[in-house]
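First the structure, in the form of structure tokens, and then the observations on it.
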Amino acid sequence: MNNLPRLTTQFCLVLLMATLVGCPQSEKKTMFTDTDKSEFKVGQVWNYKTRTNEDGSTLVILKVETAPGWKTIVHVGITGLKIKTPKRTQDTVPHMPFDETAVTNSVTTKIADNGKLTNFQEGYGLWRKAASSGKGGVFTITVAEAVAAIEDGLNKAQPR
């Protein structure tokens, strides 16, 4: 199975987070720790204010953590998308890190507490490495705006 599209997507996500819409942190190593001091819990599935024609899209909470100098970080996976690229349509973004306030401003109703997590470990690992060294950040815009930025970035990164 060809992993190139998945790896390209993961790479584009890390670049977008680091350069387009994030809050980069200092150059020193950052220690991230899980937290339960959030309304968001691992496994929760939420409806959110989606883009047009993605009404069935949901997000699942993958991880909630904090670090010195950071606000609470909520990692989500998103399914039911219609991200158009020159070669295909992508229905899932397995990992996206958000500032907790951005998620709060995006979600509408919780629909489950024990949803299936997306396969986020690889994307999370790339993000954590970048964020720990001060070269990554989190989305501070709404989930729908972040999905639109991902789509735009994928279309600019892939040859037509």
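No value in this document is a laboratory result; all are computed from the given coordinates. Bear in mind that the values here come from a model prediction, so they are computed numbers and not experimental data. Because the Cβ atoms are built from the backbone with ideal geometry, glycine has one as well, and the counts that use them run over all protein chains shown.
Pairs meeting the criteria (first residue in segment 114-134 and at negative phi and surrounded by 12 or more Cβ atoms within 10 Å (Cβ to Cβ), second residue small (Gly, Ala, Ser) and in a helix (DSSP H, G or I), beta carbons under 8 Å, at least 6 apart or on different chains) are ALA130/ALA18. For THR109, state whether it is exposed (fewer than 14 other Cβ atoms within 10 Å of the Cβ), over 17 Å from GLY43 (Cβ atoms) and out of contact with any helix residue (DSSP H, G or I) (no Cβ under 9 Å at 6 or more places or on another chain). No, not satisfied.
Yes/no per residue for (1) out of contact with any strand residue (DSSP E or B) (no Cβ under 8 Å at 6 or more places or on another chain); (2) among the β-branched types (Val, Ile, Thr); (3) over 19 Å from THR79 (Cα atoms):
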| residue | (1), (2), (3) |
| --- | --- |
| PRO97 | no, no, no |
| THR101 | yes, yes, yes |
| THR108 | no, yes, no |
| LEU117 | no, no, no |
| TYR124 | no, no, no |
| ALA130 | yes, no, yes |
| ALA148 | yes, no, no |
| GLU151 | no, no, no |
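Being in contact (Cβ under 8 Å) with a residue 60 or more places away in the chain, farther than 23 Å from GLY153 by Cβ and not charged (D, E, K, R), is that true of even one residue in segment 85-105? Yes, there is a match, as at least one residue in segment 85-105 is in contact (Cβ under 8 Å) with a residue 60 or more places away in the chain, farther than 23 Å from GLY153 by Cβ and not charged (D, E, K, R).
Report yes if some residue within segment 121-134 is assigned to a helix (DSSP H, G or I), farther than 18 Å from ASP34 by Cα and among the acidic types (Asp, Glu); otherwise report no. Among the residues of segment 121-134, not one is assigned to a helix (DSSP H, G or I), farther than 18 Å from ASP34 by Cα and among the acidic types (Asp, Glu), which makes the answer no.
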